[in-house]
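Following: one structure in structure tokens, then a few remarks.
Every read-out reported here was derived from the displayed coordinates using simple, explicitly stated rules and does not represent laboratory data. Predicted model, so just to flag it, every value in this text is computed and none were measured. Because the Cβ atoms are built from the backbone with ideal geometry, glycine has one as well, and the counts that use them run over all protein chains shown.
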Amino acid sequence: ISPYINLLLASTAVLSSCTTKQTVEKTRPNILYIMCDDHSYQTISAYGSEVSKLAPTPNIDRLASEGMLFDRAFVENSLSAPSRACLMTALYSHQNGQEQLCEGIDTTKTFFTELLHDDGYETGIVGKWHLMCEPKGFDYYHILDDQGKYYNPTFKSKETHGKYVQEKGYATSLITQHAIEFLDHRDKSKPFCLMVHHKAPHRNWMPEQKYLDLYEDVEFPVPATFWDDYETRGVAAHTQKLNIANAMEMAQDLKVPELCDTTTAEGHFSYVCLMGELGRLTPEERAAWDKHYGPRNKKLLEAKLTGKELTVWKYQNYMKDYLRCIKSVDDSVGELLAYLEKEGLLDNTIIVYTSDQGFWMGEHGWFDKRFMYEESFRTPLLIRYPQAIKAGSRCSRLVQNLDFAPTLLDVAGVKVPEQMEGRSLVPLFGENRDTVEWRKSLYYHYYDYPTFHLVRRHDGVRTDRYKLIHFYGKGGVEGATPNMLKPGTRENRTFNMLSKANYFPTSSEDINYNELYDLEKDPNELNNLYGQPGYEEITKELQGLLDDYRTKLNVTEY
Ligand code: SGN
Ligand code: CA
């Protein structure tokens with residue numbers, strides 16, 4: 001048992017009085033780790049945004065009101081597979097091999113679930129796995145194919161002998177159902193660790209049938225930075241393809257095939273994607289779908305919106321579909337909490353709620369993630385653990401997804417391996433969290449270029465107040481195709497795996513520049529201060545910090 005958790009539990013004299021293995025097993029906490037794909041903190045009402053007040057998440061909020069809300073939780077590489085590899089290994093991307101979205105994970109690295117499993121935990125994972133290896137360290141898995149589908153998705157498990165089999169239903173509900181199956185059938189003499197990885201609310205945001213009309217008459221406030229023109233910022237912010245105005249697709253994303261220009265490669269792909277998704281619906285589901293989107297689309301066609309009006313329409317309809325998906329996720333959290341409560345497991349289970357990264361809900365005019373700018377870099381994090389966390393606590397220390405595995409091992413009383421980079425969050429659970437010795441900065445590194453959304457490679461550091469970002473790397477070739485790239489290079493892999501990236505013309509400029517933000521004066525990161533008079537000292541300090549991280553972590557590319 002780790003010193004921290006031992007200390008916490010000693011006061012209740014629970015563990016210290018345990019003598020038999022069975023009693024210890026009973027007192028070791030269960031773990032329920034819930035991670036959504038692309039769930040922004042802005043759309044969790046416990047975080048208090050204006051948007052979330054119009055689309056509340058009462059069940060997720062309960063984890064905050066009965067536990068701790070972290071308002072400075074971040075990822076180390078804002079993308080699914082890298083974030084998941086980091087979760088499993090507590091290593092940075094360049095250490096665990098998963099720098100980009102496709103293959104990469106070094107399966108010789110220890111997954112924290114292997115350690116829990118070997119130490120007597122019953123382990124299970126349901127939902128999106130998204131790593132190109134078999135789940136390691138699990139007694140039970142029931143995972144989606146790649147990104148997974150919203151309607152009637154395919155799953156594989158030990159029972160299907162690793163073959164993907166289609167199931168009838170909506171992804172969020174099916175994942176919840178399989179999570180409960182695991183809980184029902186688990187070995188009750190052991191503590192459990194269950195990871196519930198929702199597919200929702202990943203693009204293309206397809207709501208559950210019963211929520212198709214939800215929020216239909218709600219108008220969501222447009223973010224203050226929605227019309228950002230990226231003045232003061234470098235090439236990367238200008239050449240990304242994250243804009244709701246022109247990178248969000250009429251068919252696939254906004255479900256308006258009528259307005260999709262199928263004569264372009266992008267339009268064609270978008271149309272094919274939507275039709276593929278709709279082809280999965282049962283006749284009843286399809287009828288409900290058409291009943292909702294049909295009249296809405298007719299109205300849009302009649303309105304003949306253009307320019308800013310059309311962009312705002314896209315924003316409103318993106319928000320509605322995204323938040324409808326969240327509504328189902330919130331229901332799922334409610335169901336899982338109710339199950340634990342009914343089974344008397346609620347108070348001996350640590351429940352973590354988070355996402356694989358942040359997401360743009362129109363800030364800077366964007367959707368998706370990837371940049372080290374706040375809304376993408378930051379991820380929601382709520383932890384309910386009444387044994388150690390007082391209800392309604394808030395933590396503002398700098399934490400990162402590298403910390404998740406060490407935390408869960410720590411609460412389970414399993415030794416955290418030396419090589420893991422993160423730190424257990426347990427010292428922050430107590431009342432003295434603001435004064436306890438803790439890290440003062442975070443390192444971030446993004447690699448997935450050139451591919452979807454064309455966000456340039458960058459690394460950087462963030463402190464409580466400042467952020468320094470270094471953008472670097474070769475520009476893509478205008479209109480590049482896979483065979484224009486050298487075989488075996490990272491670029492080649494990406495292009496082959498994500499052929500859609502070929503449709504985007506890439507920015508051809510080689511880059512090497514910095515941006516600096518004062519997050520206290522400029523929380524929206526509109527004012528790049530790098531090179532401005534008066535910021536020499538802080539720039540030097542942050543540059544030193546960044547250099548130290550690169551040296552200490554043996555980062556070779558920047
Ligand atoms: C898909 C999406 C992208 C998204 C990546 C990564 N395109 O490729 O918009 O950035 O996933 O998302 S889609 O047309 O296929 O939906 S991640 O969450 O897996 O990192
Ligand atoms: Ca994601």
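Among bridges DSSP assigns within the chain, what percent are antiparallel (round to 5)?
55 percent
What does the charge count near F155 come to, summing +1 for each Lys or Arg and -1 for each Asp or Glu among other residues with Cβ under 13 Å from its Cβ?
+2
Can you tell me the length gained on complete extension of the stretch D119 to E167, counting 0.36 nm per residue apart and subtracting the Cα distance?
The D119-E167 span can extend by a further 13.9 nm.
Please report, in debye to the nearest 20, how large the charge dipole of the chain is about its Cα centre when each Lys and Arg carries +1 at its beta carbon and each Asp and Glu carries -1 there.
The calculated dipole for the chain is roughly 700 debye.
With respect to the cross-link table entries K53/K291; K298/K327; K128/K149; K210/K342; K53/K255, which display a Cα-Cα separation exceeding 18 Å?
K53/K291; K298/K327; K210/K342; K53/K255
Can you sort V455, V399, V312 so the residue with the fewest Cβ neighbours within 10 Å comes first?
V312, V399, V455
Would you kindly derive the ³J(HN,Hα) couplings of the stretch 516-530 from the backbone phi angles with the Karplus curve 6.51 cos²θ - 1.76 cosθ + 1.60 (θ = phi - 60°), listing them in order in whole Hz, with x for Gly and Pro?
Per residue, the Karplus-derived 3J(HN,Hα) values read 10, 10, 9, 6, 6, 7, 9, x, 8, 6, 9, 10, 6, 9, 4 Hz.
Excluding residues fewer than 8 places away in the same chain, name every one of the aspartates and glutamates whose C-alpha is closer than 16 Å to that of K156.
Within the straight-line cut-off, K156 pairs with E134, D139, D145, D146, E167, E181.
When we measure straight from the Cα of K474, which aspartates and glutamates land under 15 angstrom away, once same-chain ones fewer than 8 places off are left out?
D448, D459, E491, E509, D510, E557
Check which residues have an amide H placed less than 5 Å from K467's amide H, if you skip close sequence neighbours.
For K467, the qualifying residues are Y517, L519.
Using θ = phi - 60° and the Karplus form 6.51 cos²θ - 1.76 cosθ + 1.60, what ³J(HN,Hα) does each residue of the stretch 115-132 get, whole Hz, x for Gly and Pro?
3J(HN,Hα) across the stretch 115-132, in whole Hz: 5, 5, 4, 5, 9, x, 8, 8, 10, x, 9, 10, x, 7, 9, 6, 10, 8.
Any idea what the dipole of the stretch 229-354 comes to, in debye rounded to 20, about its Cα centre with Lys/Arg Cβ at +1 and Asp/Glu Cβ at -1?
Roughly 480 debye, rounded to the nearest 20.
Which entries of K199/K320; K369/K415; K241/K308; K158/K188; K390/K521 show an alpha-carbon separation above 25 angstrom in the structure shown?
Among K199/K320; K369/K415; K241/K308; K158/K188; K390/K521, the Cα-Cα distance tops 25 Å for K369/K415; K390/K521.
Can you compute the FRET efficiency between K390 and E437 using 1/(1 + (r/R0)^6), with r the Cβ-Cβ distance and R0 = 25 Å? Round to the nearest 0.05.
0.75
Whole-Hz Karplus ³J(HN,Hα) for the stretch 433-442, in order, using 6.51 cos²θ - 1.76 cosθ + 1.60 and θ = phi - 60°, x for Gly and Pro?
4, 6, 10, 4, 4, 8, 4, 10, 7, 10
Would you please give the residues with an amide H less than 5 Å from that of Y141, counting only those at least 5 places away or on a separate chain, with H modeled from the backbone geometry?
Distant-sequence amide H within range of Y141: I125, K158.
Post the alpha-carbon centroid distance, the stretch 52-102 to the stretch 522-558, in whole angstrom.
24 Å
What residue among A236, F226, Q209 has its Cα farthest toward the positive end of the dipole of the stretch 206-248, where the charges are +1 on Lys, Arg and -1 on Asp, Glu, each on the Cβ?
Value computed over the given set: A236.
Could you list which residues have their amide H under 5 Å from that of L381, counting only those 5 or more apart in sequence or on another chain, with H placed in the peptide plane?
Amide H to amide H, under 5 Å and 5 or more residues apart or across chains, L381 pairs with F70.
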